[in-house]
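Below you'll find the structure, written out as C-alpha cells, and then a few comments.
Throughout, read-outs are computed from the coordinates displayed, never taken from laboratory work. Just so we're clear, the structure is a prediction, and the values are computed from it rather than from any experiment. Because the Cβ atoms are built from the backbone with ideal geometry, glycine has one as well, and the counts that use them run over all protein chains shown.
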C-alpha cells in the first residue's frame, strides 16, 4: 500500500461521508477506540500549542470498492500479507485498475472483483507449474495486469495453493527459475 502523509482535516474534506463497514467496526474499533480518536481530534483542534499529532493509519481505498466488502476484505488482507512476506524486496502499489506486487517489476497483479480476486501472474502460461490445472491461459486476451496466466482467489482455503503459484512468478523474476 502506498502511504502518504496528510492532514486529517484535508483528508476529511475529500468526502462528505465516510463509511466504516459493520464488519470492520466490530473487528477493529470499539467504542473505546472511537472515543480516543474523537478526544484526540478535539484536543488537538482546540489547542494552538499542538502543531502536529499522529493519529495512526487510515486506509482509504477509493478506486477498489470491492476490497471493502465483507467477503473480499479478509481474502485480500490475507493475500497481501502472504505476498509481502515472500521476500523483503516485494512492494505493493495501488493503481487505478489493479493492485501490483513488484520485485524488479510486477510479478502478480490483482484485479478486485465482487466475488473474487482475479490474479494475473507475470509469466508465460507454459511456465506455470499448476498440478490442479486452475490457471487460465490469457495470452491473447486483453486484461488489466501483466502476464499470461490467470487464477481466481475467492476464499481463504485457496490461499496456500495460490501463493505457491504467485511464488513461482516471483522466483522466475528474481532468477531462481522456480526453485524453492
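Compared with the alpha-carbon gap, the fully stretched path from residue 97 to residue 37 is longer by 18.4 nm at 0.36 nm per residue.
The simple spin-label model puts a point 7 Å past each Cα toward its Cβ; for residue 70 and residue 130 those points are separated by 3.2 nm. Its residues counted as N, segment 91-150 yields a C-alpha radius of gyration over 2.2 N^0.38 Å of 1.09. Anisotropy class assigned to segment 74-124 is oblate, per the alpha carbon gyration tensor with a/c at or over the 1.5 cut-off and a/b no larger than b/c. Under the simplified labelling scheme, the residue 157-residue 50 pair shows an inter-label distance of 4.8 nm, with each label point 7 Å from Cα along Cα→Cβ.
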